[in-house]
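In what follows, a structure is listed as structure tokens, so that the remarks can point back to it.
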Amino acid sequence: MLDSRYWKVGFFTGLISFVLLILGVRTVLGHDLVVNNYLTFAVFGLMVGIVSSLLLFYELSIAFKMFMVVLVLAFAEMFRSFLMMDNEFSEAIGILSLFIISSFGLAISVIVQFIVKLARKN
């Protein structure tokens with residue numbers, strides 16, 4: 001049975017990601033959101049929450065910490081591109097940078113975790 005802290009961390013990570021996406025697109029950019037936007041943001045939040053819970057469940061603490069740092073950096077880059085760029089592609093660049101940075105961050109953090117595990121075995 002899952003420890004209660006795993007799903008709590010996953011839930012709050014996903015919820016914060018969902019809220020930050022809504023805050024960025026609706027408040028910072030000033031766009032009206034439709035149901036598809038909320039659905040997309042919820043799916044991204046759900047994926048982030050599940051990944052963070054699984055990293056904790058499988059005791060990949062280095063990967064979890066790295067993924068959380070990368071996620072914060074990805075949201076910072078999204079907000080930076082929303083606020084600093086004034087061309088018509090700033091919205092797409094911001095959202096895509098969030099998705100790309102977080103996915104590469106997850107891959108790199110898992111690779112680093114397994115390299116550390118292999119180094120400790122030998």
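The numbers here are math on the coordinates, done by the rules we state, and not lab data. If you're wondering where the values come from, they're calculated on a predicted model, not measured in any experiment. FYI the Cβ positions are ideal-geometry reconstructions off the backbone, even for glycines, and counts take in every protein chain you see.
Can you say whether S97 is polar (S, T, N, Q) and surrounded by 14 or more Cβ atoms within 10 Å (Cβ to Cβ), as far as the supplied structure shows?
Values: polar (S, T, N, Q): yes; surrounded by 14 or more Cβ atoms within 10 Å (Cβ to Cβ): yes.
Considered against the rule, which asks whether it is polar (S, T, N, Q) and surrounded by 14 or more Cβ atoms within 10 Å (Cβ to Cβ), S97 comes out as yes.
Applying the set (1) surrounded by 13 or more Cβ atoms within 10 Å (Cβ to Cβ); (2) under 20 Å from R26 (Cβ atoms); (3) without any contact (Cβ under 8 Å) to a residue 12 or more places away in the chain to S103 leaves exactly one unmet item: (2). Could you count how many residues in segment 78-96 are among the polar types (S, T, N, Q) and touching a Ser or Thr at 6+ places or on another chain (Cβ under 7 Å)? So the answer is 2.
Checking the condition more than 9 Å from the chain's Cα centre (by Cα) and closer than 13 Å to S102 by Cβ, which residue from A76, A42 passes?
Numbers: A42 fails: closer than 13 Å to S102 by Cβ.
On inspection, the qualifying residue turns out to be A76.
Out of V9, V19, one residue alone is closer than 20 Å to R80 by Cα and β-branched (V, I, T). It is V19.
Here the helices (runs of 4 or more DSSP H) wholly within segment 29-122 that include at least 3 residues being more than 24 Å from F12 (Cβ to Cβ) are 61-84, 90-121. Filtering segment 81-122 to residues that are out of contact with any helix residue (DSSP H, G or I) (no Cβ under 8 Å at 6 or more places or on another chain) and not hydrophobic (A, V, I, L, M, F, W, C) leaves D86, N87, E88, S103, K117, R120, K121, N122. Scanning segment 30-41 for residues that are surrounded by 15 or more Cβ atoms within 10 Å (Cβ to Cβ) and touching a helix residue (DSSP H, G or I) at 6+ places or on another chain (Cβ under 6 Å) turns up just one, F41.
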